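Here is the structure we will look at.
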């Protein structure tokens, strides 16, 4: 799994050199933001079911046609799978907050996602809406400190951009 440390060391190794001063400053910056990431990870983990449900409800409100017969959210099974997918992305974001890199999202959430959604004829716009709702709902200091919210939102943006 990729983290800031493994990414820096791997890049330097591939270039046949030791990590440079700027490489080490990048790692140091990541370590300095670790407390904010851990705060965001802890809050998300303690409330992930509610965050996922609110995000899911927001996307279904905007794309209510998905509940029509034959659509992607037309059965209870499809509804539970959609909610499961939203929660899966949030869980991967939580892992990324802990490791300080996008490795879990890259490896388990983004690689091949367009092909899977295309093969299953699933629209990505509802997922973008759900994750956008989760991003826009967060508030500092009500939910998280300002820096923790920045860390959380940057990962949500990363997933949203990959789905767009």
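Of the residues examined, residue 72 is not one that is within 22 Å of residue 158 (Cα to Cα) and surrounded by 13 or more Cβ atoms within 10 Å (Cβ to Cβ). Taken over the stretch 29-56, residues that are exposed (fewer than 13 other Cβ atoms within 10 Å of the Cβ) and within 22 Å of residue 160 (Cα to Cα) amount to 2. Restrict the check to the stretch 83-101 and report whether at least one residue is under 22 Å from residue 116 (Cβ atoms), in contact with a helix residue (DSSP H, G or I) (Cβ under 6 Å, 6 or more places away or on another chain) and part of a loop (DSSP other than H, G, I, E, B). No: zero hits. I'd like the full set of residues that are modelled with pLDDT of 95 or more and either within 25 Å of residue 84 (Cβ to Cβ) or in contact with a strand residue (DSSP E or B) (Cβ under 6 Å, 6 or more places away or on another chain) (or both), limited to the stretch 137-155. Those that are modelled with pLDDT of 95 or more and either within 25 Å of residue 84 (Cβ to Cβ) or in contact with a strand residue (DSSP E or B) (Cβ under 6 Å, 6 or more places away or on another chain) (or both): 151, 152, 153, 154, 155.
Looking at 72, 119, 52, 45, just one residue is within 14 Å of the chain's Cα centre (by Cα) and over 30 Å from residue 9 (Cβ atoms), and that residue is 52.
Among the residues of the stretch 102-124, those identified as assigned to a helix (DSSP H, G or I) and surrounded by 15 or more Cβ atoms within 10 Å (Cβ to Cβ) are 103, 104, 105, 106, 108, 109, 110, 113, 117. Annotation: residue 76 fulfils all but one of (1) out of contact with any helix residue (DSSP H, G or I) (no Cβ under 9 Å at 6 or more places or on another chain); (2) more than 24 Å from residue 133 (Cα to Cα); the unmet one is (2).
The values are calculated or read from the model by the stated rules, or taken from the named source; none is laboratory data. Because the structure is predicted, anything quoted here is derived from the model rather than measured. As a convention, Cβ positions derive from the backbone with ideal geometry for all residues, glycine included, and neighbour counts pool all protein chains shown.
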